[in-house]
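Scroll down for the structure; my scribbles are underneath it.
The values are calculated or read from the model by the stated rules, or taken from the named source; none is laboratory data. Predicted model, so just to flag it, every value in this text is computed and none were measured. So basically every Cβ, Gly included, is an ideal-geometry build from the backbone, and we count neighbours across all protein chains shown. Note: areas computed on protein heavy atoms with side chains; ligands, DNA, RNA excluded. Shrake-Rupley method; radii C 1.70, N 1.55, O 1.52, S 1.80 Å.
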Amino acid sequence: MPPSDAGHEPYAGPTPPQMAPDAGVVFIGRIHTPWQRRADCPRNVLRAREAGGTAILELDPIYRPGLHRLEAFSHVIVLYWMDEAERDVMVQYPRHAEGPRGVFSIRSPARPNPIAFSVAAIIAIEAEHGLVEVEQLDCRNGTPLIDIKPYFSTIDSVPDARIP
């Protein structure tokens, strides 16, 4: 185990669920990217966009009517399920930071609920086929899609947010 941080011993082992899940998630489609394996994926969305290309959000037929009027927006928030991520790690040692970090202080997909999100520009929409082309995303091909929400710069942007 790596050394502790500031005299605190981080919890290093798997964390069993404390209770049964109280909700379910419905996948509305899949995300298509050039990366076939988890190991091939970029570490974050910025690296994914540096690699170039776009991602395709493909909605299942029942959810396609939900795309009505999405073309009015320039950007969307994409929520996706990192289905191959570990779900039992509470403390990690990220490469970009010194010392251990709790899962809720980093954006790793390894977390109790492996939900990822990205804000992405809309490139094109084919609503009748359930396709939304967006800027590249940092997930493997076939990643389950949880939701698409319109991005509002007036409420979703926090220019003076503090980060370490």
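Provide the per-residue ³J(HN,Hα) series for segment 136-152, in order, calculated from phi with Karplus coefficients 6.51, -1.76, 1.60 and θ = phi - 60°, each as a whole number of Hz, with x at glycine and proline positions.
After applying 6.51 cos²θ - 1.76 cosθ + 1.60, I find 4, 10, 9, 9, 6, 4, x, 4, x, 9, 8, 6, 10, 10, x, 8, 10 Hz.
When the Karplus curve 6.51 cos²θ - 1.76 cosθ + 1.60 is applied with θ = phi - 60°, which whole-Hz ³J(HN,Hα) does each residue of segment 76-93 get, with x for Gly and Pro?
10, 9, 10, 10, 9, 9, 7, 5, 9, 7, 5, 10, 10, 10, 9, 10, 10, 10
How much accessible surface area, in Å² rounded to 10, belongs to the heavy atoms of Leu131 with a 1.4 Å probe?
That residue has around 50 Å² of solvent-accessible surface.
Give me Rg/Rg_expected for the chain, where Rg uses Cα atoms only and Rg_expected = 2.2 N^0.38 Å with N residues.
1.15
For the chain, give the magnitude of the charge dipole about the Cα centre (Cβ charges: +1 Lys/Arg, -1 Asp/Glu; no others), in debye to the nearest 20.
220 debye
Just to confirm, what accessible area per residue do you get for the chain at 1.4 Å probe, in whole Å²?
Dividing the accessible area of the chain by its residue count gives 65 Å².
On alpha carbon coordinates alone, what is the Rg over Rh value for segment 90-133, Rh being the Kirkwood radius?
1.24
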